[in-house]
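Notes for the one structure printed next.
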Amino acid sequence: MTDLSPRPESIARFLRGMPKAELHIHIEGSLEPELIFRLAQRNGVTLPYADVESLRAAYAFTNLQSFLDIYYAGASVLLTEDDFHDMAWAYFERAKADNIVHAELFFDPQTHTDRGVPFATVIDGLRRAVDRAGRELDIHAELILCFLRHLSEDAALATLEQARPHLNKFIGVGLDSSEVGHPPEKFARVFAEARAIGLRVVAHAGEEGPPAYIWSALDVLGAERIDHGVQATKDPLLIERLVRERIPLTVCPLSNVKLCVFGDLAQHNLAELMDLGLVVTINSDDPAYFGGYINQNFLDTFAALNLRLWHAKQLARNSFEAAFATQERKAAYNARLDAFAAEFDNSAA
Ligand SMILES: Nc1ncnc2[nH]cnc12
Ligand SMILES: [Zn+2]
């Protein structure tokens, strides 16, 4: 296979076209301002912003919390099953354009049930879009229920109880929202229960919080993947473990810059993490808020860090390795990647 430093335009063409999995996308974070206003009108919800432009102008964040305040306000327009379906369907259409073949969507039920929206309304609307994406777009998707870590563990346990009649509709649990001051160990019991049910486990850790939160996400919660995890480079022993156990990191470069985790993309540690041998993936986190969907994350990161074709192939392969999918499905994804790379080599020859 040729990897003789193709020109940046060629690498960009490869990045856009390569089949890939997205493993870190908060579906509520895909809610574009235009759709927020459309749903507000449909549901008779009054927003504290005059129009799409003034809402977008408010997207200037200084840290995770400054983003979360606006993100939860945006989600207040979601009331009906159709609203949840339409939000997820809009994401899947974008995902198809970016050549995503597999997507695992986070959703935050407590953001909605705390406003009086029934759990079933949320998950049935999302699930309808997931099933439709499989039929109409050839995208295999799954749902992961995230607990809000700024709320209590009892609230998370109550949410897991509400989810019990719907266990056939989602594959795992995660932990998101305000990280610092809410360590993973706060949720030890609810994750133990989720594991006992047979659910897969992920957790946000080391986005803004210390490496200690990554250790406890692994040791206390049993996390199989770490969402973000970029603070791991502060702890060489932790890096050693992540490499040895092939624990994937779902990294979100544009998010990290928008939330001021890194000053700019050129300072991002994604290349360093790959060089250290970690199973790194690139994802969009909350694309409507952070300036781009998955391909924009790939394109901007590759340009800023001067990454090569082998990085692109490795990142796509990592996304399939890290996915919660059968070995057969992963092999099929890798075969599609190989076919794409071979065709790319032929067209470049
Ligand atoms: N980047 C992020 N970190 C933590 N919680 C989130 N919820 C949505 N986006 C998030
Ligand atoms: Zn996230």
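Pairs meeting the criteria (first residue in segment 65-78 and within 18 Å of N43 (Cα to Cα) and within 15 Å of ligand 2 (Cβ to nearest atom), second residue open to solvent by 10 Å² or more (accessible area, probe 1.4 Å) and among the hydroxyl-bearing types (S, T, Y), beta carbons under 7 Å, at least 6 apart or on different chains) are Y72/T111; A75/T111. For segment 205-218, the count of residues that are within 16 Å of ligand 2 (Cβ to nearest atom) and farther than 18 Å from E185 by Cβ is zero.
The residue pairs whose first member lies in segment 295-313 and is closer than 23 Å to Y91 by Cβ, whose second member is part of a helix (DSSP H, G or I) and charged (D, E, K, R), and whose beta carbons are closer than 6 Å, counting only pairs six or more residues apart or on different chains, are N295/R16. Being open to solvent by less than 10 Å² (accessible area, probe 1.4 Å), assigned to a helix (DSSP H, G or I), out of contact with any Ser or Thr (no Cβ under 9 Å at 6 or more places or on another chain) and within 23 Å of K313 (Cβ to Cβ) is a condition met by no residue of segment 206-224. Every residue in segment 154-182 that is of a type outside the set (G, A, S), in a loop (DSSP other than H, G, I, E, B) and open to solvent by 30 Å² or more (accessible area, probe 1.4 Å), please. Correct list: L167, N168, K169, I171, V180, H182. Can you tell me which residue is nearest to ligand 1 (Cβ to nearest atom) among those in segment 90-123 that are open to solvent by 20 Å² or more (accessible area, probe 1.4 Å) and assigned to a loop (DSSP other than H, G, I, E, B)? Only one residue fits best here, namely D114.
Only residues that are part of a helix (DSSP H, G or I), open to solvent by 30 Å² or more (accessible area, probe 1.4 Å) and either more than 16 Å from ligand 2 (Cβ to nearest atom) or more than 26 Å from G292 (Cα to Cα) (or both): list them for segment 235-278, please. Don't jump to the end; show me each part of the working.
To start, the set of residues in segment 235-278 that are part of a helix (DSSP H, G or I) comprises 236-244, 253-258, 265-267, 270-275.
Now drop any that are not open to solvent by 30 Å² or more (accessible area, probe 1.4 Å), which leaves 236-237, 240-241, 243-244, 257-258, 266-267, 272, 275.
P236, L237, E240, R241, V243, R244, A266, Q267, E272, D275, listed by residue number.
Screening the candidates L137, L126 for the property of being touching a Lys or Arg at 6+ places or on another chain (Cβ under 7 Å) and surrounded by 16 or more Cβ atoms within 10 Å (Cβ to Cβ) yields one hit, L137. All of (1) out of contact with any Leu (no Cβ under 6 Å at 6 or more places or on another chain); (2) open to solvent by less than 10 Å² (accessible area, probe 1.4 Å) hold for L151 with one exception: (2).
The values are calculated or read from the model by the stated rules, or taken from the named source; none is laboratory data. Computed from a prediction, not measured in an experiment: that's the story for all the values here. Note: ideal-geometry Cβ built from the backbone for every residue, glycine included; neighbour counts use all protein chains shown. Accessible surface areas use protein heavy atoms only, side chains included; no ligands, DNA or RNA. Shrake-Rupley method; radii C 1.70, N 1.55, O 1.52, S 1.80 Å.
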